[in-house]
Amino acid sequence: MDGELNLTYITLYGYVEMGNYRYLIFLNMFIVYVLSVSFNIIIVYLIWIHQNLHEPMYIFIAALLLNSVVTSTTVYPKLLVDILSEKQVITYSACLLQCFIYYSVSASDFLLLAAMAYDRYVSICKPLQYTTIMTKNVVSVILGYAWVMPACQVAASTILSAQMKLCNFTLKAIFCNNSYYGLYCGTSTVRSIVDMSNLFNLAVLPILFILFTYTRILIISYRRGRNVRKKAAQTCSPHLIILISFSSLCLYDVIIIELDKGSYLHFIMTLQAFLYYPLFNPVVYGLKVKEIFKHLKKLICPAKMI
């Protein structure tokens with residue numbers, strides 16, 4: 001291996017011997033990728049063109065779905081190429097870039113889910129103040145923070161990683177995730193501190209805020225009667241479903257390094273955990289959010305809506 005960063009190649013060891021199944025797996029992954037990108041873009045398009053969807057909740061949903069498109073495009077194309085390749089390799093610089101995009105977008109998802117929780121809290125618990133609190137400027141600031149802050153914090157960790165010496169050139173994964181920490185000769189105290197800070201600021205705090213917010217919604221909606229409880233259930237359930245599924249994904253990402261990297265079970269679990277999630281988002285929001293479903297149904301069956 002060449003010692004220079006841009007000429008250093010990493011072998012992806014997470015792939016099992018697929019044999020004749022590689023073409024079936026490729027076809028399955030290709031279909032999921034196309035469907036994922038298509039469904040996400042369709043929902044974003046509906047939110048874009050319909051004036052009644054130009055509200056904070058739908059804008060945050062569109063931002064979350066755009067993140068799903070970025071995540072899919074970061075992982076899927078390289079994965080599809082590797083499935084058909086006899087040898088799966090990636091340059092070290094490309095691996096770091098893939099990790100940076102993947103984790104910064106994932107952190108952005110947590111912040112967007114926190115923004116959705118706050119939006120639902122204001123809508124349900126302070127309906128008369130909603131328009132004065134959730135203004136266009138506030139929504140713009142929240143979106144900017146949700147995208148820029150994770151990118152800056154994850155970039156710091158990525159830069160520190162790029163300065164560390166490699167002693168191993170085999171990555172036990174099917175794409176670049178936190179398993180790349182095993183490539184280094186040693187550990188970095190500074191990077192560990194930065195990583196722990198990132199985890200706390202970009203994952204733990206948003207989750208605590210979401211739990212607190214939904215607890216308040218539950219308490220207040222219970223006190224205000226059946227109609228408020230019904231509204232809370234209708235508007236909050238899609239976000240809670242996405243939150244639970246995404247949190248489970250992130251938990252798996254944390255413990256993945258302890259699993260048997262050379263097994264079929266690990267290969268299948270990784271595909272299930274990481275690669276189907278972007279398809280899950282538009283399905284949940286398309287079917288569970290009433291206004292989006294109405295426009296989606298009109299788009300698919302326009303004749304029936306006349």
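The values are calculated or read from the model by the stated rules, or taken from the named source; none is laboratory data. All values reported here derive from a predicted model rather than from experimental measurement. Please note: Cβ atoms are built from the backbone with ideal geometry, for glycine as well, and neighbour counts cover all protein chains shown. To get the accessible areas, we keep the full protein, side chains included, count just its heavy atoms, and leave off ligands, DNA and RNA. Shrake-Rupley method; radii C 1.70, N 1.55, O 1.52, S 1.80 Å.
Some notes on this structure:
- Under 15 Å from the ARG224 label point (7 Å along Cα→beta-carbon), backbone N, the stretch 111-149: 118-134
- Axis of helix 205-224 versus longest Cα principal axis of the chain: the two differ by about 20°, to the nearest ten degrees.
- In order along the stretch 103-115, the phi-based Karplus estimate (6.51 cos²θ - 1.76 cosθ + 1.60, θ = phi - 60°) of 3J(HN,Hα) comes to 7, 5, 5, 4, 5, 4, 4, 4, 5, 5, 5, 5, 5 Hz; Gly and Pro are listed as x.
- FRET efficiency, ILE244 to VAL70 (Cβ-Cβ, R0 25 Å, nearest 0.05): 0.70
- Using Cβ point charges alone (K and R +1, D and E -1), the dipole size of the chain about the Cα centre works out to roughly 1720 debye.
- In this structure the amide hydrogen of THR91, modeled in the peptide plane, comes within under 5 Å of the amide hydrogens of ILE10, none closer than 5 places in sequence on its chain.
- Helix 189-199 and the long axis of the chain differ in direction by around 30°, with both axes built from C-alpha atoms.
- Average accessible surface area per residue within the chain, 1.4 Å rolling probe, Å²: 52 Å²
- Note on THR135 and LEU199: the model spin-label points, each 7 Å out from Cα along the C-beta direction, lie 3.9 nm apart.
- Simple rule: put +1 on each Lys or Arg Cβ and -1 on each Asp or Glu Cβ in the chain, find the dipole, and look at SER161, ASN137, SER247; the Cα lying farthest toward the positive end is ASN137.
- Among (1) 76, 46, 39; (2) 78, 46, 29; (3) 64, 49, 31, the entry that matches Cα extents along the principal axes in Å as calculated here: (3)
- Inter-part distance where the stretch 216-232 and the stretch 150-175 are each reduced to a Cα centre, Å: 45 Å
- Sites LEU287 and MET149 - FRET efficiency at Förster radius 41 Å, r taken between beta-carbons, to 0.05: 0.85
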